[in-house]
Number of protein chains: 2
Amino acid sequence: MSTVRILGIDPGLRITGFGVIDKVGQKLAYVTSGCIKSSDKDSLPERIKTLLDGIGEVIALHNPQEAAVEIVFVNVNPQSTLLLGQARGAAISALVGANLPVSEYTALQIKQAVVGHGKAAKEQVQQMVMRLLQLPGTPSADAADALACAICHAHGGQGLGAIATRGYRVRNGRLV
Amino acid sequence: MSTVRILGIDPGLRITGFGVIDKVGQKLAYVTSGCIKSSDKDSLPERIKTLLDGIGEVIALHNPQEAAVEIVFVNVNPQSTLLLGQARGAAISALVGANLPVSEYTALQIKQAVVGHGKAAKEQVQQMVMRLLQLPGTPSADAADALACAICHAHGGQGLGAIATRGYRVRNGRLV
């Protein structure tokens, strides 16, 4: 059975979440997940270096074949938008620099893919990621978002259709 | 006499300007400059790859020791701010990925360093860059901004003081 290893990224300057999963046929298996943090005491170039090195390490250790990145939104605060944009540019740089094909998904697509509707709360995403990947505990919000992004990519950004084919049933955004 | 080779970058998603100069003692010498362009028909990851590869090529060819990047401003349009942020994040990634120390300067600092006041028009920056580096013609606006950023860094972000020590006199932002 063909296996595709997918790296999902939830970009942020302070915290970037990452999650790696394997898609084996129609099944998904958890590989790893976590966060890369940078200190606001460092200069922006230093923080970008931390982010690049962190993602580079995940790629070197786990050899993903494809990558998926959440599309970030403009913030109420334009300065925050600019910082977030720079973090996302750095994250994508780390991925394309490692010659990974990069797909992009909106938060709406990602929530639809794992919870079944676009207005899911962070906790619902964490819960569903835990169940879909059979994790022993709840991943942190940032790691869960990154794993959710990878799951969305594994389903071709197609919402819960692919989950249903695996024998789960979904009602009100919960597996039943 | 000690020589420091400086790479200046004026980041943008559509056009990123670059300029390389040598600081030999107190003198500046032009090495190269130009633009890296990406098409809005490409996906964002493809455009970021173009930018990374372009800056990577300049670094490989010219071996700068230090880098300087213009600090970009938030745009009226938040979506443009986000795109510009991502381009800048990618540009800084290319620099820190090549282990270059990166300094950042505002447009105000850069204009003060080459023209003598912060409200200089683009054409004044182009003219002053041409004169300071003894270029045979006017560089394009983006290349001129990148060269101006490198010049600003060569002067330690100190405005026209360093130019004055080289025997030039400045009046109303023009060399006399």
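The GNM of chain A, with springs linking C-alpha atoms under 10 angstrom apart, assigns the highest mean-square fluctuation among A:Glu57, A:Glu66, A:Glu104 to A:Glu57. For chain B, the longest principal axis of the Cα atoms and the long axis of helix B:122-132 meet at an angle of about 50 degrees.
Accessible area lost on pairing A with B, both sides, 1.4 Å probe, Å² to nearest 100?
Values: alone 8820 and 8790 Å², together 15730 Å².
Between A and B, the summed buried area is about 1900 Å².
Need one value: the accessible area of B:Ile36 in square angstrom, 1.4 angstrom probe, rounded to the nearest 10. Looks like 20 Å² after rounding. Inter-copy label distances at B:Asn77, using a point 7 Å along Cα-to-Cβ, come to 2.5 nm with the shortest given first. Across the copies of the chain, A:Pro136 has label points (7 Å from Cα along Cα→Cβ) spaced 7.1 nm apart, shortest distance listed first. Counted over all Cα-Cα pairs of chain A, pairs farther apart than 24 Å make up 32 percent.
Give the shape of the stretch A:1-52 as rounded, prolate or oblate, defined through the alpha-carbon gyration tensor: a ≥ b ≥ c are the square roots of its eigenvalues, a/c under 1.5 means rounded, and otherwise the shape is prolate if a/b is larger than b/c and oblate if not.
Working: a/c = 4.80, a/b = 3.55, b/c = 1.35.
Prolate.
What is the helix-to-structure angle for B:141-154, meaning the angle in degrees between its Cα long axis and the longest Cα principal axis of chain B, kept from 0 to 90 and rounded to the nearest 10? Between the helix axis and the principal axis of chain B, the angle is about 60 degrees. Under a 10 Å cutoff between Cα atoms, tell me which one of B:Ile110, B:Ile151, B:Ile59 has the largest fluctuation in the Gaussian network model of chain B. Most flexible of the set in this elastic network: B:Ile59.
When the pairs A:Lys41/B:Lys122; A:Lys41/B:Lys27; B:Lys41/B:Lys119; A:Lys41/A:Lys119; A:Lys23/A:Lys122; A:Lys41/B:Lys41 are compared against a 32 Å limit on Cα-Cα distance, A:Lys41/B:Lys122; A:Lys41/B:Lys27; B:Lys41/B:Lys119; A:Lys41/A:Lys119; A:Lys41/B:Lys41 fall above it. Rolling a 1.4 Å probe over the heavy atoms of the protein chains gives chain A an accessible area of 45 Å² per residue. State which stretch of chain B is the longest one without any exposed trypsin sites (Lys or Arg not before Pro), exposure meaning a DSSP loop state and at most 16 other Cβ atoms within 10 Å. In chain B, the maximal stretch lacking such sites is B:42-118. For the protein assembly as shown, the Cα-based Rg and Dmax, in that order, read 23.1, 80 Å.
Taking chymotrypsin sites (Phe, Trp or Tyr not before Pro) as candidate sites, keep only those in a DSSP loop with at most 14 other Cβ atoms within 10 Å, then name the longest stretch of chain A containing none of them. The longest uninterrupted stretch comes out as A:74-167. At A:Ala98, with labels set 7 Å past Cα in the Cβ direction, how many nm apart are the copies from this one, shortest first? So the distances to the same position in the other copies read 2.2 nm.
The values are calculated or read from the model by the stated rules, or taken from the named source; none is laboratory data. Only a predicted model underlies this, so the values are computations on that prediction, with no experimental measurement involved. For neighbour counting, all protein chains shown are included, and Cβ atoms are generated from backbone atoms with ideal geometry for every residue, glycine included. Note: accessible area is taken over every heavy atom of the protein model, side chains too, but ligands, DNA and RNA are not part of it. Shrake-Rupley method; radii C 1.70, N 1.55, O 1.52, S 1.80 Å.
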